[in-house]
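A.B. asks: The structure is given below, and queries will be raised subsequently.
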Amino acid sequence: MTITRRTALAGAGAGIGLFMIGRPALAQATKLRFAHPHPEVDSWHKAALLMAEKVKEQTQGRYEIQVFANGALGSDSQTIGAVRGGSLDICLTGNPFFTGLAPKLNVLDLPFLFQSRKHAAVVMDGPIGEGLRKELEGSNLKALATWEIGWRNLTNNRRPVKTAADMRGLKIRTTPNPAHVQAFRLLGAVPTPMAFTELFTALETGTVDGQENPVTLILNAKFFEIQKHLSLTRHAFTTGPVVMNKAKFDAMPADTQKILLQVAVECAGVQRQMNEDTEGSSLAELKKAGMQAVETPDRDSFVKAIGNEVEKEFVGKYGSDVLDAIKKAAV
């Protein structure tokens, strides 16, 4: 009996069909979009990529995080709003942009609050940080961990800032955090809150005279191209919550939730270490690029000018418990 070519192909096709039926279909990975406003060379982006790699590996490819830098998916406030609404899965930005939703977080931005990086880490990673992160849950945000921006320093285009008196009249971009705004008013400056994504253009056009950020970010954002003077005031330490849409997080399997939380915390340590390791080299690069640095400004004059006014404002609204706990956590 002769078997035709068509019959043979039909039989082969049936065999393949039976083979495929017998195998479980490969599940398509769930993709999570993660947005932040910093440049791709910054520690935020590098740590976010590491987080994506670890999550994919530990979920065996079931979840993939896509990272978007440079404010590609919106400004600080826009990405927070998108995560709350569910059109974006995860975002990372500075703590000051969350204080409108959870005012107690404002405590972390009080001037001259942290004595060292270790002090900040103890607060962020311990029960104080955990309690503050829970404040965001009422806004449909699940804070996975707290990363950092770091020690804030001042740049401007008008003059060297050696003492608090040199701040008078300078129009400085700040975050929208009430503590930052009040502190700069007390220094005699003109605080001008705006999104980080708008800052380079505002400096370039002279809308503001200067800004305040860590030397690592000043370098990575190329502010040295449009700013002449740098003062290492270290007047505040800024943290950055990594937040996810809470409803989406709550709907995930328990093992996936655990992986996301653990990996976000692991990458927090890596990201902070990146900043610490590159502070010195970043300052050297800024000076090499032509910035005139005041490395030892009179910080006492800043402390005296600001006094206890910002802390008193916070305590008057929210009590002293969390502030006292942070101060006692100093190491």
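A.B. asks: Mind checking which helices (runs of 4 or more DSSP H) fall wholly inside region 227-331 and carry at least 1 residues that are of a type in the set (Ser, Thr, Tyr) and surrounded by fewer than 18 Cβ atoms within 10 Å (Cβ to Cβ)?
C.D. replies: 254-288, 299-306, 309-318
A.B. asks: Quick check on this structure: which one of Arg173, Arg152, Arg168 is crowded, with 17+ Cβ neighbours inside 10 Å and free of Cβ contacts under 8 Å to residues at least 60 places away in the same chain?
C.D. replies: Arg173
A.B. asks: Where residues in region 83-97 are touching a residue at least 40 places away in the same chain (Cβ under 8 Å) and in a loop (DSSP other than H, G, I, E, B), which of them is nearest to Leu32 (Cα to Cα)?
C.D. replies: Asp89
A.B. asks: Checking the conditions here, which among Met244, Met274 is touching a Ser or Thr at 6+ places or on another chain (Cβ under 9 Å) and either over 29 Å from His38 (Cα atoms) or of a type outside the set (Val, Ile, Thr) (or both)?
C.D. replies: Sole residue among the options that is touching a Ser or Thr at 6+ places or on another chain (Cβ under 9 Å) and either over 29 Å from His38 (Cα atoms) or of a type outside the set (Val, Ile, Thr) (or both): Met274.
A.B. asks: I'd like to verify a number: residues in region 193-207 that are surrounded by fewer than 22 Cβ atoms within 10 Å (Cβ to Cβ) and under 26 Å from Glu279 (Cβ atoms), how many?
C.D. replies: Residues in region 193-207 being surrounded by fewer than 22 Cβ atoms within 10 Å (Cβ to Cβ) and under 26 Å from Glu279 (Cβ atoms): 9 in total.
A.B. asks: Anything in region 138-160 that is in contact with a Cys (Cβ under 9 Å, 6 or more places away or on another chain) and not in a strand (DSSP E or B)? List them, or say none.
C.D. replies: none
A.B. asks: Separate question: Would you mention how many residues in region 31-57 are among the small types (Gly, Ala, Ser), touching a Phe, Trp or Tyr at 6+ places or on another chain (Cβ under 8 Å) and touching a residue at least 40 places away in the same chain (Cβ under 8 Å)?
C.D. replies: Residues flagged as among the small types (Gly, Ala, Ser), touching a Phe, Trp or Tyr at 6+ places or on another chain (Cβ under 8 Å) and touching a residue at least 40 places away in the same chain (Cβ under 8 Å) within region 31-57 amount to 3.
A.B. asks: State all residues of region 249-268 that are over 25 Å from Gly85 (Cβ atoms) and of a type in the set (Val, Ile, Thr); if no residue qualifies, say none.
C.D. replies: Once the filter is applied, which keeps residues that are over 25 Å from Gly85 (Cβ atoms) and of a type in the set (Val, Ile, Thr), region 249-268 yields only Val265.
Just so you know, all these numbers are worked out from the coordinates, no wet-lab data involved. Just so we're clear, the structure is a prediction, and the values are computed from it rather than from any experiment. Heads up, the Cβs are rebuilt from the backbone with ideal geometry, glycines too, and the neighbour counts pull from every protein chain shown.
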